[in-house]
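The values are calculated or read from the model by the stated rules, or taken from the named source; none is laboratory data. Just so we're clear, the structure is a prediction, and the values are computed from it rather than from any experiment. Every residue, glycine among them, receives a Cβ derived from its backbone with ideal geometry; neighbour counts consider all protein chains shown.
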Amino acid sequence: MEAKAMQRVALVISDEQVVQMTTINDALRELGKEALQCDVQLYTQSSSQSKLPVESSSIEFLICISRSHAYPDGSWFDEISRALKPGGTILVYKVLQAAPKETEKWCSFSVT
């Protein structure tokens, strides 16, 4: 039970139905060695939901992968803040429309 409590979690959310593993791996590498050692959970089509399926302050890293410039919006940032542990990091990737296999790092910041 203690090992599970100490496990670091990286949550990947997307408004897409399918997310390429190479995109997720690239994002984890961008976040560094600590993120690569996390238990990764994927939550697709999250823009149709109003709440993330995680407890408050339970996520170390959150990666948002999206095509839409409107996602995540302000209400999602409130929900992301709820889910992130203090000092947690969010990385927002925008999938480029012209080349679906390419992504563009939009922003990355830590929540304190």
Exercise. Filter region 30-45 for residues that are within 13 Å of the chain's Cα centre (by Cα) and of a type in the set (D, E, K, R); which is surrounded by the fewest Cβ atoms within 10 Å (Cβ to Cβ)?
Worked result: Asp39
For this session: Could you grab me the full set of residues in region 1-15 that are at pLDDT below 90 and surrounded by fewer than 19 Cβ atoms within 10 Å (Cβ to Cβ)?
Result: Met1, Glu2, Ala3, Lys4, Ala5, Met6, Gln7, Arg8
Exercise. Can you name every residue in region 80-94 that is under 20 Å from Asp39 (Cβ atoms), over 10 Å from the mean Cα position of the chain (by Cα) and part of a helix (DSSP H, G or I)?
Worked result: Arg82, Ala83
For this session: Could you tell me which residue of region 58-109 is farthest from Met21 (Cα to Cα), considering only residues that are of a type in the set (Asp, Glu) and modelled with pLDDT under 90?
Result: Asp78
Exercise. Within region 55-75, which residues are free of Cβ contacts under 8 Å to residues at least 12 places away in the same chain and not in a loop (DSSP other than H, G, I, E, B)?
Worked result: Gly74
Problem set entry | Matching residues, region 46-75, being crowded, with 20+ Cβ neighbours inside 10 Å and more than 18 Å from Ala35 (Cα to Cα) | Ser46, Leu52, Ser66, Pro72
